[in-house]
Amino acid sequence: MPTRLFGPEASRMPLLGLGCSRIGSFNNPQSGRDVRRLLEYALDFGIGLFDTADIYGQGDSERAIGRLLRGRRERAFVITKVGRTFSRAMRVKRPLKPVIALSPLAIAGAIDASLRRLGFDRVDALLLHSPSADELRDERLVAVLASARRAGKVAHYGVACDDAAALEVAVGLEGVTLVEITPDALAGAGPGTHDRLRSRKIAVVLRETIRCRGDLAPRDAVIAAARHPLATAVVVGTGSREHLRDLAQAVAADGRREVETAIA
């Protein structure tokens, strides 16, 4: 699978990733065995990017990824997200709806909890999970992320943005090297925001690309996202190994053509 560079230190990220939001979820009809096979298949097929969060499957998604990578941690780039939680009452009632928990103390505790579930000393990227633009203006939050990086717990940190307003704040935050966003929300941001993404070499991970391009076949939607001039990686959510293989083959082939064209 092709990789792309990002950040001031020219770090590498696989071009295609697997979104793991339904792993461990009670809404997921797949058995634990099927989930393991899907993750193994993704890794063996060269899809070394896994996108998860502490609330996915109430932590089961992180646990599954941790088990997958035991003894082969170097084969994957793992993104996890923190900053959303469930109230005590809502932990009893399912389906569960998350609420924002963006206090500095909560974020610091969530980072340590994610590392324990993953079984990692350090996660490749840690994102604040869907904060609003106003919440992102709390300088204490970035200070917690920067402290985690200095402590060696986080290699990169950034924001999973739900809209252009949050993205516009995120690109100005000190130390941010990665954002995750949908193609339509990225398109809604102004040219100044796009310029800052380029100049700061911030990685842009595009999600929900198939939903955003309902006019295209899934593989064409993913390829179109991968060709976006700001895209570093594209994350897809699927429980089908056949679907994942089709997307991976299409992205890999398109990536090779991109390299060959550049060389020519």
Worksheet entry | Mean separation of Cα contacts under 8 Å, 6 or more apart, over the residue count of segment 192-242: relative contact order % | 41 percent
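Based on the mean of other beta carbon atoms within 10 Å per residue, what is the order of 64-72, 187-195, most packed first?
Numbers: 64-72: 16.6, 187-195: 13.9.
Put in order of decreasing packing, that is 64-72, 187-195.
How large is the helix-only mean residue ellipticity at 222 nm for the chain, computed as the sum of -39500 (n - 2.57) over DSSP H runs with n ≥ 4, divided by its residue count, in deg cm²/dmol to the nearest 500? Intermediate results must be reported in sequence, preceding the final value.
Working: 12 runs with 116 residues, N = 264.
Rounded to the nearest 500, the figure is -12500 deg cm²/dmol.
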Worksheet entry | Share, in percent, of DSSP beta bridges within the chain that are antiparallel, nearest 5 | 15 percent
Item to complete: Please compute the net charge surrounding VAL179, taking Lys and Arg as +1 and Asp and Glu as -1 over other residues with Cβ under 13 Å from its Cβ.
Response: +1
Discussion item. With 10 angstrom as the radius, rank ARG73, ARG140 by how many other C-beta atoms surround their C-beta, starting from the fewest.
Written reply: ARG140, ARG73
Worksheet entry | Length-normalised contact order of the chain in % [C-alpha pairs under 8 Å, at least 6 apart] | 19 percent
Fill in: Unit charges on C-beta of K, R, D, E only; dipole of segment 3-263, Debye
960 debye
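Order these peptides, 212-219, 247-254, by their mean beta-carbon neighbour count within 10 angstrom, highest first.
Details: 212-219: 14.4, 247-254: 18.8.
Packing proxy ranking, top to bottom: 247-254, 212-219.
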Worksheet item: What are the ³J(HN,Hα) values, in whole Hz, obtained from phi via the Karplus relation 6.51 cos²θ - 1.76 cosθ + 1.60 with θ = phi - 60°, for each residue of segment 109-118 in sequence order, with x given for Gly and Pro?
Response: x, 5, 4, 5, 5, 5, 4, 5, 5, 6
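Every number here is computed from the coordinates shown, using simple stated rules; none is lab data. From a predicted model like this one, the values you see are computed outputs, not experimental measurements. Note that we place each Cβ from the backbone using ideal geometry, even for glycine, and neighbour counts take in every protein chain shown.
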